[in-house]
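S.K.: I'd like to ask some things about the structure below.
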Amino acid sequence: MQFQPIKPKKVSSQIADQIRSSILAGEFAPGDKLPPERELAEMFGVSRPSVREALNMLASAGLVMSYQGGGTVVMSLVETSAGNPLMELIRFKQERALDVIEVRKGMESWTAYYAAERALPEDVRRLEEIIDGMQRNLDGLKPSEDLDANFHIVIARATHNIVWLHLMQSLFDAMKEFQQSVWRAVYITQEDHHLLFKHHQRIFEAIKAKDAAGARDAMIDHLTFAEQRSTAYIARQQP
């Protein structure tokens, strides 16, 4: 038997391995920023060049992207190096957004289901904070489109399934421009905003009660409503 010499593992590789494990465990979601280099160096007890090299390794693997003056951001595992192809598909032909909503109905009915089964107290607390924010916006006659999107992402995170989380983030990134258009064009009246709030509140209450079937049904009802409004909006845009 022939043995190979043991080579000590580079410090940067060990740092990269730990950060990679955290990303794949769902501790960092797509779009989250990693701590700054200085903080990472202190946390790992290493030099900043070692941290920088580790981040470069992760960037080469497509797990993160560093921006000048903007820190290092965790990337979606679904996207390609060229960006989010779904976003270009929807931008080219808006009707495709309805196809995405149809997919969302299938996906999110199950993320709500699994979130109800698996949500930890901190997941429920995050969802409750979003619902409280929506209530404040409702009382102050302000839109909640950002809170709405975050609500659905937090539900995906509450499944504690990293694949659900990254798929959902990729879909929401692709739908962002279209969703903003819909929010501003079709959810106009106070009645609309109250109805949307009740939808989200019903989903939250089912997840909090660990009612998986109820959470799934509430999500389907909500997305069916969104699908109907989106269909009407697109029809009005046709020449």
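S.K.: If you take the residues of the stretch 31-49 that are within 15 Å of residue 20 (Cβ to Cβ) and either of a type in the set (S, T, N, Q) or assigned to a helix (DSSP H, G or I) (or both), which of them is most open to solvent (accessible area, probe 1.4 Å)?
M.R.: Here the answer is 44.
S.K.: Collect the residues in the stretch 203-220 that are of a type in the set (Gly, Ala, Ser) and either farther than 16 Å from residue 129 by Cα or out of contact with any helix residue (DSSP H, G or I) (no Cβ under 7 Å at 6 or more places or on another chain) (or both), keeping them in residue-number order.
M.R.: Passing the criteria: 209, 212, 213, 214, 215, 218.
S.K.: Can you tell me how many residues in the stretch 196-230 are of a type in the set (Phe, Trp, Tyr) and either touching a Gly at 6+ places or on another chain (Cβ under 6 Å) or surrounded by fewer than 17 Cβ atoms within 10 Å (Cβ to Cβ) (or both)?
M.R.: Within the stretch 196-230, residues that are of a type in the set (Phe, Trp, Tyr) and either touching a Gly at 6+ places or on another chain (Cβ under 6 Å) or surrounded by fewer than 17 Cβ atoms within 10 Å (Cβ to Cβ) (or both) number 1.
S.K.: Do we have any residue at all in the stretch 85-99 that's within 27 Å of residue 206 (Cβ to Cβ), open to solvent by less than 20 Å² (accessible area, probe 1.4 Å) and modelled with pLDDT of 75 or more?
M.R.: No, the stretch 85-99 has no match at all.
The values are calculated or read from the model by the stated rules, or taken from the named source; none is laboratory data. Bear in mind that the values here come from a model prediction, so they are computed numbers and not experimental data. Note that we place each Cβ from the backbone using ideal geometry, even for glycine, and neighbour counts take in every protein chain shown. Accessible surface areas use protein heavy atoms only, side chains included; no ligands, DNA or RNA. Shrake-Rupley method; radii C 1.70, N 1.55, O 1.52, S 1.80 Å.
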